Ligand code: F3S
């Protein structure tokens, strides 16, 4: 891999130990994937924040690093709401470790906005054509597919290394030749908002790491695309998809997959809620202002009869205090900085109902509890129904 003089000095440790370690990670990655050089990134999103996932070893590694990041950088969700963790049932020991992790990142100059939707709170962090080093799979999918930026799905250490160096190796989705669709997906159904999570859940399983190109009957809304990409990244490893009518066509001979209303109904029926549901959790990926508005409307005048969590970014909750107040007047809780999957607080429940294809794919494995699926309306019905 070609290095500039400055990069070579950084690699040799002449600009500090932390940057040397960062360069070591970036070069190792570049070598593995055949990158020819490093390229500057516009922003970084760093995963590996929840103490539940990185543990003591991760905390030690981050605390050891010195210096400051070179580009605007944000964190992925942590294991708890950083101010309301007691209400989540998080114990003191976990909270102490979690706060140490976020503080260690903060000392490196990384913003403690712990969110998987950095584009909702800082639209200027990713623009069409920008190269990025983002980690969280739904954010990566949104950046590549909806914003038109270019990022690989970084691991926690490689994203942190990119933040410290302000650069990433040029390979994978940074190269146009790898951004070609591999599957044609025809959707033979009139989709409602909650169908996109299920559609993504189905297609992700089919295409794995592929690049699907959808033809829809109508252009999906931004929140629907967010749900679709998140689900495909979880049930498969999709990091890029196309949905615009004028998107590049899949090459001749590409596999064609047709998804029908019956397929969508089948997954819904398989994952229908029952009386075992003891928590309903929404906001995967983190809720947008529009989604909070819809929830406030659905919950208007109702009281919850079982736990109902809505996860969002702190920046969104602070922008919409009236909506948060309205939602919480039902007894639901709007938690920031975290989510139902990365927080250990979910593990004490038996069955979680979600309106997210990504959460449906992840909750059983990562929280070791059962999952059920429904639309936002059905989730609210379940949460407010007397047991
Ligand atoms: Fe975000 Fe957590 Fe879902 S990180 S995409 S809310 S699993």
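Quick note: the coordinates plus some simple rules give every number you see, no bench work behind them. Predicted model only: the values in this text are computed from it and were never measured. For neighbour counting, all protein chains shown are included, and Cβ atoms are generated from backbone atoms with ideal geometry for every residue, glycine included.
What to note about this one:
- The relative contact order of the chain, computed from alpha carbon pairs under 8 Å that lie at least 6 residues apart in sequence, is 18 percent.
- Principal axes of region 5-176: Cα extent on each, largest first, Å: 49, 38, 24
- Projected-area mean, the chain, by convex hull of Cα positions, square nanometres: 18.4
- Rg over Rh, two decimals, region 271-384 (C-alpha only, Kirkwood Rh): 0.93
- Taken along the Cα-to-beta-carbon direction at a fixed 7 Å, the label points for residue 84 and residue 328 span 0.5 nm.
- Computed over region 277-333: relative contact order in percent, which uses C-alpha pairs under 8 Å that are six or more apart: 47
- When the chain is treated as a GNM with alpha-carbon contacts under 10 Å, the residue of 320, 367, 114 showing the greatest mean-square fluctuation is 320.
- Residue among 118, 248, 212 with the largest mean-square fluctuation in a Gaussian network model of the chain, springs linking Cα atoms under 10 Å: 248
- For the listed peptides 311-317, 381-387, 145-151, 294-300, a ranking on the average number of other beta carbons within 10 Å per residue, highest first, reads 311-317, 145-151, 294-300, 381-387.
- A Förster radius of 51 Å, combined with the Cβ-Cβ distance separating residue 188 from residue 275, puts the computed FRET efficiency at roughly 0.90.
- With q set to 0.15, 0.21 Å⁻¹, the log10 of I(q)/I(0) for region 180-268, from the Debye formula over equal scatterers at the Cα positions, is -0.46, -0.97.
- Sum of -39500 (n - 2.57) over DSSP H runs of 4+, divided by residues of the chain (222 nm, nearest 500): -11500 deg cm²/dmol
- Relative contact order of region 1-155: 23 percent, from C-alpha pairs under 8 Å at least 6 residues apart in sequence.
- Length gained when the stretch residue 219-residue 128 is fully extended (0.36 nm per residue, less Cα-Cα span): 30.9 nm
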